[in-house]
1. Taking neighbour Cβ counts within 10 Å as the exposure measure, how do SER42, SER143 sort from fewest upward?
2. Peptides 216-222, 23-29: what's the order by average Cβ count within 10 Å, highest mean first?
3. What nm value, rounded to one decimal, do you get for the distance between SER44 and ALA154 when each label is placed 7 Å out toward the C-beta?
4. Taking the Cα centre of each part, how many Å lie between region 238-315 and region 33-98?
5. Using 0.36 nm times the number of residues separating LEU267 and GLN207, minus their current alpha carbon distance, what extension gain do you get?
6. So who's got an amide H within less than 5 Å of the one on VAL81, skipping anything under 5 residues away but keeping other chains? H placed 1.01 Å off N, in plane.
Amino acid sequence: MARVVAVLVLVFAAGVAAAQSTETVGMITEIKTGHGRVELRSGSDWRRAGPLQALRAGDALRVTDDAVAVVMLSGGGSVKVQAANSPYTVAARADDTRTQKARTLVQAGLGFMAAGQREAPTAVLSTRSVAKPPVVIAPRNTSLLPGPIALEWAGSRFARYTVRIVGPSGPVFERRGVAGGRLDYPPDATALAPGTRYIIQVTSGEQTHQEAWFEILDAERARTIADDLAALTQSFGSGTSRNSVAVVRAGMLASNGLLNDARRVVLDALASDPDEPALHQALGSLYQKSGLGEMAAESFDERSSCLPATQSSRAAVGGFLDTPRAPR
């Protein structure tokens, strides 16, 4: 009997060890290859590493020449890997109840981005047509933090659009003859109620209107998100780069259904560093989640252009998914 128990204990321990070995404990949130290379070893062989690649305990990163990679750890903090401290081996996550909340928030952010890499993006074929209907970009099928709202859509720069917001009881806002692809919701327009689902409708001429929904968070939920963002920010070390912070913040917002707010975080970071492939990868994942396949493909194409051809040409390697650009 004792022998059977011992065997069961060993089997259980082996199962736990196997589960721990597959747990994501970090992610490559920045990657700059320069004239060098960034490679990952997860097992016996070295291979090219990619942006937003999930890492497990025991994985190793090797960089050469002037290449740099930043690893955000699920337990908090980040590691900048350069030739001087290469190779870097990812350690198992240490349990610390004092930082449980911050660790949970970081894991939520990294988890959303890691899940996005497992969903192979699909390029959307489009046809050349002056009558192509507009596509609502933002806010698109998402919850929103309270604040100013920018309505955005893709369409023809020569067209004039009617933009309408419809609530449960009917239209609450309408603006005709709008040029371009953006309209800020006027501060003197009808106040939009938290917790109410609204529909954005954008149309031009006789085309069938295109629409998407959004809902503003109530004050209590918004405060909870604000507190979580503050706790997340405090968990980062003083040396954590802005790009890595942006990736995790965007992932955490998106994991709470705030896809548009997450998109704004990534776009703000890209405005400061348009050559960071991890940011383009994150933006593409957000567009993919929002059902904007063509815009996702364009973001993944931008990601690839920021990497050497030999690095961007490897498709679907360890979560690094390469996507052909959608024909225009």
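1. So the residues, fewest neighbours to most, are SER42, SER143.
2. By packing density, highest mean first, the sequence is 23-29, 216-222.
3. My value for the distance between the label points is 4.4 nm.
4. The two parts, judged by their Cα centres, are 19 Å apart.
5. 18.6 nm
6. It is ALA69, VAL70, VAL71, by chain and number.
Here, each number is a calculation from the coordinates, and none is a lab measurement. Note that the coordinates shown come from a computational prediction; the quantities given were computed from them, not determined experimentally. As a convention, Cβ positions derive from the backbone with ideal geometry for all residues, glycine included, and neighbour counts pool all protein chains shown.
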